[in-house]
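Notes follow once the structure below has been shown.
Bear in mind that the values in this text are calculations on the coordinates, not laboratory data. What you see is a predicted model; the values in this text were computed from it and never measured. Cβ atoms come from the backbone with ideal geometry, glycine included; neighbour counts cover every protein chain shown.
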Amino acid sequence: MLDLFSDEAPWQEPLAEGAVILRRRAREEASALLAAIAAIARQNPFVHRITPGGYRMSVAMTNCGDVGWSTDSRGYQYSERDNANGQKWPPMPDLFRTLAQQSAREAGFSDFTPDACLINRYEPGAKLSLHQDKDEKDLRQPIVSVSLGLPAVFQFGGFERSEATQRVLLEHGDIVVWGGPSRLRYHGILPLKAGVHPDAGPYRFNLTFRRAR
Ligand code: MD6
Ligand code: FE
């Protein structure tokens, strides 16, 4: 669709060493990404998982790819099947893989081959507390994160939970790539503000691509 107000080319904003925002980078693909998310969720629905500590997560999650990330009373892990229904995760669409690999390359990571894509869905009030992504085997591989739908405030911190954080707004089509010296930085999402996005309705979606195994 021709959109007279989004003809701006993507641009890059550095966050820290090894971390960059590719603003609006996924705008052209966004409708196709949202359609693919809906198809994946018909196979493996979004679930509010329970953390090892017994809390229900406000973010609902599903996955695609060879392995998917989830949590239960035993802890956090990657697995080939969805423990909500025993089904394998749907394959990662080529569109997803290509976008993740190209974005990683643009950010300076030339040989990123994701095998897992975690799909997060935020409703108003949903948040993700400060955390590190450290369940992946090879921490030299970056993570590529695609934001779709409603905007959210992303917190990007240091290597201790208590360190000060930068706050940046992530909007529809923004991609964050980080790895290298920033790979283990704490980060999170502040409670989502209610709204309606023309393509995603009352939600924010986030895709995070990783090399898990
Ligand atoms: C989100 N993102 O944007 C949550 N993790 O909804 C993450 O937790 C995340 O954006 C690792 C790398 C990039 C991310
Ligand atoms: Fe994370």
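Exposure proxy ranking for 64, 117, based on other Cβ atoms within 10 angstrom of each Cβ and starting from the fewest, stands as 64, 117. Taking 0.36 nm per residue of sequence separation and removing the Cα-Cα distance, the residue 42/residue 98 pair yields an extension gain of 17.9 nm.
Partner lysines whose Cα lies under 25 Å from the Cα of residue 88, excluding those fewer than 8 positions away in the same chain, are identified as 134, 137. Among 184-190, 155-161, 143-149, the peptide with the highest mean count of other Cβ atoms within 10 Å heads the list, and the full ranking is 143-149, 184-190, 155-161. 3J(HN,Hα) along the range 167-172: 10, 10, 7, 9, 10, 3 Hz, from the Karplus curve 6.51 cos²θ - 1.76 cosθ + 1.60 with θ = phi - 60°, whole Hz, x for Gly and Pro. Each residue of the range 187-194 was assigned a 3J(HN,Hα) from its phi angle through the Karplus expression (A = 6.51, B = -1.76, C = 1.60, θ = phi - 60°), giving 7, x, 10, 6, x, 5, 7, 5 Hz with x at Gly and Pro.
The label-point distance for residue 135 and residue 84, in a model that sets each label 7 Å from Cα toward Cβ, rounds to 1.4 nm. Dimensions of the range 94-187 along the principal axes, based on C-alpha atoms and rounded to the nearest Å, stand at 33, 29, 21, largest first. Taking amide H as placed 1.01 Å from N in the peptide plane, the amide H of residue 88 sits under 5 Å from that of 82, each at least 5 places away or on another chain. Remark: the range 118-123, residue by residue, has Karplus-estimated 3J(HN,Hα) of 7, 10, 9, 10, 9, 10 Hz, where x stands for each Gly or Pro and the curve is 6.51 cos²θ - 1.76 cosθ + 1.60 at θ = phi - 60°. For residue 59, list long-range residues whose amide hydrogen, built 1.01 Å from N in the peptide plane, is under 5 Å from its own amide hydrogen. Here the answer is 127, since their amide H atoms fall under 5 Å of that of residue 59. Using only the Cα atoms, work out Rg/Rh for the chain, with Rh taken as the Kirkwood radius, to two decimals. That ratio is 0.93, to two decimals.
Extension gain, residue 193-residue 168: 0.36 nm per intervening residue step, less the Cα-Cα distance, totals 7.6 nm. Using C-alpha pairs below 8 Å separated by at least 6 residues, the relative contact order for the chain is 25 percent. Sorting 94, 66 by the number of Cβ atoms found within 10 Å of their own Cβ, with the fewest placed first, yields 94, 66.
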